[in-house]
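Chemist: One structure is given below, represented as structure tokens, and several questions about it will come after.
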Amino acid sequence: MLTARTKTGKTICLGYDYKKETLLSFREKEEFICPVCSEGVTLKLGEQRIFHFAHKRGGTCNEFHDGETEIHMEGKLQLYHWLRNQNIPAILEYYDQEIHQRPDIMFNYHGKKYALEYQCSPLPEQIFNKRTRTYLQNGYTPLWILSNDHLHFKKSNIVSLANFDYLFLRTSAAGTLYIPTYCPEKRLFHFINSIIPFSVKNAFAGHTVYRLEQMDLQRLLEPGSTFKKLTFTSWEAELDQFKLNWSLNPGAHSNRFLHELYNQNMNLFLLPAEIGLPVPHSLFFQTSTIVWQTYLFLDVLADKNPGDMVTLNEISSQIKRRIKRKELSIRRMPQLEKVNVMVPVNEYLYLLELLGILSKWDETTFQLRQKIKIPMSNREKEEAQFFLQQKIKTISSK
Ligand SMILES: [Zn+2]
């Protein structure tokens, strides 16, 4: 930790660049205590590590454990200096007595109070959620920044994201969804945006990198949209690969979704071309796109004939039923105000409307214009895919 109190109540913050001699003389004269547990801490002034305070052995403080990594201390120091250099009032390791929480950095900006947490080590999701909720309930805007070590790009536009990484997803006021990460060694911010998952773990995503010096707080909070167009062919290719891996997975035989397909006389490799389409908010589901779109087809569209009505109510109650049975799940992203899976569903319905499958009747009702066909052979599937690609090209060139 980088902030402690003296017995006389003075706060010593190592974020101010004290000279070593000054700190040595502090150490001679003062006894330091932890602001959280009030136990004694030692000021460490070694050559190997950043100057810091450490609990004396046997301490029971759970807020600061001495296992705090160098990279974490380095990162929060850099971010703290970065804010101060922009004349933003910031306090390092501010301990809020009322909520018993201590963000890495607390700062005020445009009349709002922020709690910045720079996270290097994995944190149980429960604790992450509880801290975030407490911040939100007490007038803080949480700003979680992930250590960049957590990011794994499989290709330049494909990133592997664990459920933990999605906890860091935030939104700009303009609605851009992004995950901010920071690397103190290279002094670089990375933004992951336009995230469109094709499986629970892997997603197409945009990736922008900024040097610390080029970046200001405004841009960190409002990064603007850098939406990259996704080509249908690369999407299809990844989706096919995903289906293949999935079917070869040893757990496939016990997979409920694959079982249901089988019982419906359907096959993972012969799904209608309209199932598994990318939509901007599909990350709201923690279930892969193929699965929720297949369920929508089976539960609502498959038994209907052209001219029949499809209501949002009907769709929503089918989705709720699937969620209750744990066949669909909603992604937990505590920094977003609301995660409503009807958002991606509506985007999908709109796409089906553009493709001529549905037409909008009124605000909550669609009419089926054309049945979605299940291909009977690979040839039929390829034809359907080709046909769909042509349609999408025409739509997106309009
Ligand atoms: Zn303590």
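The values are calculated or read from the model by the stated rules, or taken from the named source; none is laboratory data. Just so it is clear, the structure is predicted and the values come from calculations on it, not from any experiment. Every residue, glycine among them, receives a Cβ derived from its backbone with ideal geometry; neighbour counts consider all protein chains shown. Note: accessible area is taken over every heavy atom of the protein model, side chains too, but ligands, DNA and RNA are not part of it. Shrake-Rupley method; radii C 1.70, N 1.55, O 1.52, S 1.80 Å.
Chemist: How about the range 73-185: which strands (runs of 3 or more DSSP E) wholly inside it have at least 3 residues that are closer than 28 Å to LEU14 by Cβ?
Modeler: The strands (runs of 3 or more DSSP E) meeting that bar are 90-92, 105-109, 112-119, 140-147, 177-183.
Chemist: Taking the range 18-36, which residues are surrounded by fewer than 17 Cβ atoms within 10 Å (Cβ to Cβ) and within 16 Å of the ligand (Cβ to nearest atom)?
Modeler: Within the range 18-36, just GLU31 meets the criteria.
Chemist: Of these, HIS281, HIS259, which one is in the same structural domain as LYS243 (by TED's automatic domain parsing), closer than 20 Å to ASP240 by Cα and either surrounded by fewer than 18 Cβ atoms within 10 Å (Cβ to Cβ) or in contact (Cβ under 8 Å) with a residue 24 or more places away in the chain (or both)?
Modeler: After ruling out the rest, the residue left standing is HIS259.
Chemist: Somewhere in the range 53-69, is a residue under 30 Å from LEU212 (Cα atoms) and not in a loop (DSSP other than H, G, I, E, B)?
Modeler: So far as the range 53-69 goes, yes, one or more of its residues are under 30 Å from LEU212 (Cα atoms) and not in a loop (DSSP other than H, G, I, E, B).
Chemist: I've got another one for you. So which of TYR114, TYR182, TYR109 ends up being free of Cβ contacts under 8 Å to residues at least 60 places away in the same chain, more than 21 Å from PRO278 (Cα to Cα) and aromatic (Phe, Trp, Tyr)?
Modeler: TYR114
Chemist: It is to be established whether one or more residues within the range 75-87 are modelled with pLDDT under 90 and either of a type outside the set (Phe, Trp, Tyr) or assigned by TED's automatic domain parsing to the domain that holds GLY15 (or both).
Modeler: no
Chemist: Something else now. Considering only residues that are more than 20 Å from the chain's Cα centre (by Cα) and either closer than 23 Å to PHE198 by Cα or open to solvent by 30 Å² or more (accessible area, probe 1.4 Å) (or both), which ones fall in the range 332-358?
Modeler: Scanning the range 332-358 gives ASN346, TYR348, LEU349, TYR350, LEU351, LEU352, GLU353, LEU354, LEU355, ILE357.
Chemist: Has the range 45-58 got at least one residue that is touching a residue at least 24 places away in the same chain (Cβ under 8 Å), within 16 Å of the ligand (Cβ to nearest atom) and either under 32 Å from the mean Cα position of the chain (by Cα) or open to solvent by 50 Å² or more (accessible area, probe 1.4 Å) (or both)?
Modeler: yes
Chemist: Do we have any residue at all in the range 85-95 that's open to solvent by less than 40 Å² (accessible area, probe 1.4 Å) and of a type in the set (S, T, N, Q)?
Modeler: Scanning the range 85-95 turns up no residue that is open to solvent by less than 40 Å² (accessible area, probe 1.4 Å) and of a type in the set (S, T, N, Q).
Chemist: Determine the pairs where a residue that is at negative phi, located within the range 294-309, has a partner that is of a type in the set (S, T, N, Q) and open to solvent by less than 40 Å² (accessible area, probe 1.4 Å) with Cβ atoms under 7 Å apart, the partner being 6 or more residues away or on another chain.
Modeler: From residues that are at negative phi, the pairs are MET309/THR365.
Let's see how each residue does on (1) farther than 20 Å from GLN286 by Cα; (2) of a type in the set (A, V, I, L, M, F, W, C); (3) under 15 Å from the mean Cα position of the chain (by Cα):
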site: TYR182; (1), (2), (3): yes, no, yes
site: GLU185; (1), (2), (3): yes, no, no
site: ASN193; (1), (2), (3): no, no, yes
site: SER199; (1), (2), (3): no, no, yes
site: PHE204; (1), (2), (3): no, yes, yes
site: ASP216; (1), (2), (3): yes, no, no
site: SER225; (1), (2), (3): yes, no, no
site: GLU238; (1), (2), (3): no, no, no
site: PHE242; (1), (2), (3): no, yes, no
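Chemist: All but one of (1) open to solvent by 30 Å² or more (accessible area, probe 1.4 Å); (2) at positive phi; (3) not charged (D, E, K, R) hold for GLY276, so report the exception by its number.
Modeler: (1)
Chemist: Now, a different point. Being of a type in the set (A, V, I, L, M, F, W, C), open to solvent by 80 Å² or more (accessible area, probe 1.4 Å) and touching a residue at least 24 places away in the same chain (Cβ under 8 Å) is the filter here, so list the residues in the range 359-398 that pass it.
Modeler: Listed by number, the residues that qualify are TRP361, MET376, PHE387.
Chemist: Select, from GLU70, GLU39, the only residue that is open to solvent by 20 Å² or more (accessible area, probe 1.4 Å), of a type in the set (Asp, Glu), more than 17 Å from PRO103 (Cβ to Cβ) and within 14 Å of the ligand (Cβ to nearest atom).
Modeler: Sole residue among the options that is open to solvent by 20 Å² or more (accessible area, probe 1.4 Å), of a type in the set (Asp, Glu), more than 17 Å from PRO103 (Cβ to Cβ) and within 14 Å of the ligand (Cβ to nearest atom): GLU39.
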